[in-house]
Amino acid sequence: MQTKKIVYAAAVIESVLFGLTFLGSKIALTQLDAIQVLACRWTIAMVLFLALAMFKLLRIHYRGKRVWLVALAAFIQPCINTICETCGVDLTTASESAIVYAMIPIAVVLITALILKRSIKPVVAGGIALSFLGVIISIVFSEGFSLGGKAGGYLFLIGMVVTGAVFTIMSGHISDQFSPMERTFTMALMGGIWFNLLNLIRGKGFSCYAVCFQYPEVGLAVLFLGAAGSFLCYILFNYVVSKMPAPQASMLQVNLITLTGVVSGIAFQGDSFGWYTAAGLILVVAGVIAANRVSE
């Protein structure tokens, strides 16, 4: 019972922090492009992990393990997933991105049921259906909704959903071989190298780091994204998915992330708010409650 409480506490903390990353990305994107934001974000996470390893506070053991599995998971998240996420946030709003993020449990369930041949309990399926309905209501009925005007952004967000679901399943699958710290360390290392390399290829160099010092609000946003959004959040995420079935873990975390992301977008970015937002969030929260009754 105590372990169960710890797992749920970790999920809630991770979800709230990650929900705030949509706002952080929106602030950082005022002066940096998507790849530059990601380079700063994952470099901070990489430096933090290397510092832990240097002071022997972090132990990584790859010997005798199928390293290609954790490397593949790390390529999906962050190397592909966070590009989709950040570009989606850039082309839409923080609250819209957070709401679309709630579709990840649906993708997890579909992949789990169709490919891995696992059954899904009716209560979980019902909870996901409620959350999906909340997503649709929140977006479609919002003021000035135009699919064509934000088509590119929604395509990126769909890519975020698919890659996020695949990563969730893979992280749970390899949890018996790699600890949460090992998985997150690999993600930070690959992310830091990958996005800085992309900046060099694009001719941007390392100018993004100078921008962070020129604009304090951007620097603070990037620091939050790296230290909380990439370093701490993914340690907690990988821990939770190793202790909880992938569909249930995704359902709990993603919808709390959605709630935090929407509220922060409305409060700090002036995103639109109306009956559709309230109704959508109520359905999302109802879905979380319904899905989590399975474990009680």
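The values are calculated or read from the model by the stated rules, or taken from the named source; none is laboratory data. Since this is a predicted model, take the numbers as computed values, not measurements. Glycine also receives a Cβ, built like all others from the backbone with ideal geometry; neighbour counts cover every protein chain displayed. The area values use the complete protein model at the heavy-atom level, side chains included, leaving out ligands, DNA and RNA. Shrake-Rupley method; radii C 1.70, N 1.55, O 1.52, S 1.80 Å.
Some points to look at:
- Pairs are defined by a Cβ separation below 8 Å, a sequence spacing of at least 6 or placement on different chains, a first member in region 262-286 that is over 15 Å from ILE139 (Cβ atoms), and a second member that is of a type in the set (Lys, Arg) and assigned to a helix (DSSP H, G or I); the pairs so defined are GLN269/LYS26.
- Residue list for region 183-194, restricted to those being at pLDDT 90 or above and open to solvent by less than 30 Å² (accessible area, probe 1.4 Å): PHE185, THR186, MET187, ALA188, GLY191, GLY192
- Taken across region 144-158, residues that are among the polar types (S, T, N, Q) and surrounded by 16 or more Cβ atoms within 10 Å (Cβ to Cβ) do not occur at all.
- Qualifying residues in region 195-227 (those that are closer than 17 Å to LEU48 by Cβ and touching a Cys at 6+ places or on another chain (Cβ under 7 Å)) - the one most open to solvent (accessible area, probe 1.4 Å): TYR209
- Residues satisfying the stated conditions in region 1-35, i.e. over 19 Å from PHE231 (Cβ atoms), assigned to a helix (DSSP H, G or I) and not β-branched (Val, Ile, Thr): GLN2, LYS4, LYS5, TYR8, LYS26, ALA34
- Among the residues making up region 174-200, those that are in a helix (DSSP H, G or I) and charged (D, E, K, R) are GLU182, ARG183.
Listed here are the residues, each with its yes/no results for (1) basic (Lys, Arg); (2) on the phi > 0 side of the Ramachandran plot; (3) out of contact with any helix residue (DSSP H, G or I) (no Cβ under 7 Å at 6 or more places or on another chain); (4) surrounded by 22 or more Cβ atoms within 10 Å (Cβ to Cβ).
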residue: PHE22; (1), (2), (3), (4): no, no, no, yes
residue: LYS26; (1), (2), (3), (4): yes, no, no, yes
residue: ARG41; (1), (2), (3), (4): yes, no, no, yes
residue: TRP68; (1), (2), (3), (4): no, no, yes, no
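- Residue count, region 80-138 (criterion: outside any helix (DSSP H, G or I) and touching a residue at least 12 places away in the same chain (Cβ under 8 Å)): 7
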